[in-house]
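One structure below.
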2 protein chains.
Amino acid sequence: MSTEPIEFWFDFTSPYSYLIAEKIDDLGARHGRKVKWHPILLGALFKTTGTVPLIPVPLKGEYSVRDFARSARFLNIAYRQPTKFPLATIAAARAYYWLHDRDCAMARAYAKATFRAYFLDDRDISDAAVVVDLAKAAGANGEELAAALGAQELKDRLKKECEAAIATGMFGAPYVIIDGEPFWGADRLPQIEKWLETGGF
Amino acid sequence: MSTEPIEFWFDFTSPYSYLIAEKIDDLGARHGRKVKWHPILLGALFKTTGTVPLIPVPLKGEYSVRDFARSARFLNIAYRQPTKFPLATIAAARAYYWLHDRDCAMARAYAKATFRAYFLDDRDISDAAVVVDLAKAAGANGEELAAALGAQELKDRLKKECEAAIATGMFGAPYVIIDGEPFWGADRLPQIEKWLETGGF
């Protein structure tokens with residue numbers, strides 16, 4: 001059986017990404033797999049595929065808000081629809097890579113805390129000051145991060161990740177890749193689990 | 001526990017609708033529920049929501065074809081990607097209502113056979129002659145049906161169903177409603193099952 005890491009591509013503003021984020025590390029561990037997290041910007045993907053955010057779409061938008069909460073209940077995950085939704089996650093994603101290049105455990109803790117700050121505590125994670133706070137709580141040097149957030153190096157780092165996401169075939173979030181097989185959406189968790197159990201079906 | 005019928009809205013050209021069609025009657029029966037089938041035309045809904053068919057969408061289209069087959073394997077349902085896809089289902093849907101208004105068991109048998117003709121035997125169900133064949137195999141009078149297919153009465157009958165679909169909030173197929181709760185997609189089968197078991201969660 002393969003022990004290749006699971007690739008988990010997501011946007012911090014995506015409710016279904018949050019649902020996967022709450023499950024994927026444990027699910028991977030039960031099958032001897034590490035998980036590589038990759039926050040990216042859905043907006044960059046939408047330009048390529050010509051698709052649009054869910055919420056402004058008539059009927060589908062209203063259904064989606066209902067389904068976010070119901071899917072969370074189904075998976076026994078606490079969830080609160082954020083007041084500001086969706087929002088820009090540039091600072092949140094850049095901070096992740098800055099942390100990751102220094103201490104990947106710290107980056108993972110920050111990512112989980114950022115999802116929860118948004119989907120449980122209704123914090124505005126589009127605000128760089130909130131992002132820096134969350135990084136500090138995970139153990140980072142807030143002043144260094146705040147200075148790095150606007151620097152070209154970190155802009156380029158995130159841009160490269162968004163390009164890599166598109167190169168994998170990603171068109172929506174969450175996007176999970178296991179041994180080259182792509183799974184889009186939190187509703188693919190049962191298929192992901194079966195794939196890990198059986199090595200493919 | 002409610003015994004209200006399950007409402008099942010679908011388009012005959014939708015692979016995920018076919019997957020639900022293969023499961024929903026048995027699932028309903030296990031929970032004391034009948035299922036009302038409603039074929040409609042996705043094109044009519046897309047005009048309202050501004051959404052588009054999956055296949056021409058870059059990346060998402062290719063993923064979808066892969067996911068149709070994988071989701072079928074996951075559910076142990078035989079599936080073959082049709083050569084002509086998607087296709088117009090006006091004749092197929094009109095025939096359903098003509099049958100239904102005469103003998104609803106015959107209409108159900110015809111609907112199941114039509115899905116299988118398309119998704120197993122690669123038959124062109126956009127062809128009225130194929131539709132009439134399938135209805136005859138289900139026990140209908142083929143000449144009467146062939147004459148009715150172009151009549152205003154049957155056109156109006158299907159148009160009314162499409163309007164009713166939009167009035168329920170439907171924006172994509174399959175769309176299953178249980179006691180007022182809408183579920184979009186074959187991937188909501190686990191939630192549908194839990195809803196039927198618990199009366200809501």
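Computing FRET efficiency as 1/(1 + (r/R0)^6) for B:Glu62 and B:Lys194, where r is the C-beta to C-beta distance and R0 is 45 Å, gives about 0.90.
Largest first, the three principal axis extents of the alpha carbons in region B:123-200 are 47, 26, 20 Å in whole numbers. Helices assigned as whole DSSP H runs in chain A whose Cα atoms extend at least 18 Å along their own long axis and whose mean Kyte-Doolittle hydropathy is 0.0 or higher are found at A:104-119.
In this structure, the pairs whose alpha-carbon distance is over 20 Å, taken from A:Lys47/A:Lys159; A:Lys194/B:Lys34; A:Lys84/B:Lys47; A:Lys47/A:Lys160; A:Lys60/B:Lys84, are A:Lys194/B:Lys34; A:Lys84/B:Lys47; A:Lys60/B:Lys84. Across identical copies of the chain, A:Met106 has label-point separations of 7.5 nm, listed in ascending order, with the point defined 7 angstrom from Cα along Cα→Cβ.
Each of B:Phe46, B:Tyr18, B:Gly28 was placed along the dipole of region B:1-120 (beta-carbon charges, centred on the mean Cα), and the one lying farthest toward the positive end is B:Tyr18. Dimensions of the protein assembly as shown based on its C-alpha atoms, expressed as ranges along the principal axes with the largest first, amount to 80, 39, 36 Å. Taking the centroid of alpha carbons for each part, region B:14-69 and region A:139-165 are 41 Å apart.
Between A:Phe85 and A:Asp124, the distance separating the two model label sites (each 7 Å from Cα on the Cα→Cβ line) works out to 1.8 nm. With helices as the sole contributors, chain B gives -16000 deg cm²/dmol at 222 nm; each DSSP H run of n ≥ 4 counts as -39500 (n - 2.57), and the sum is divided by every residue. Shape class for region B:6-198: rounded, because the ratio a/c of the largest to smallest gyration tensor axis (alpha-carbon atoms, square roots of eigenvalues) is under 1.5. Dipole magnitude for chain A: computed about the Cα centre from +1 point charges on Lys and Arg Cβ and -1 point charges on Asp and Glu Cβ, it is near 300 debye. On the rotation that sends chain A to chain B, the chain A Cβ lying closest to the axis gives residue and distance in whole Å as A:Asp187, 2. Calculated FRET efficiency, B:Ala137 to B:Thr49, Cβ-Cβ distance, R0 = 30 Å: about 0.30 to the nearest 0.05.
Each value in this text was obtained by applying a stated rule to the coordinates, not by laboratory testing. Please read all numbers here as calculations on a predicted model, not as lab measurements. Virtual Cβ from ideal backbone geometry, glycine too; neighbours counted across all protein chains shown.
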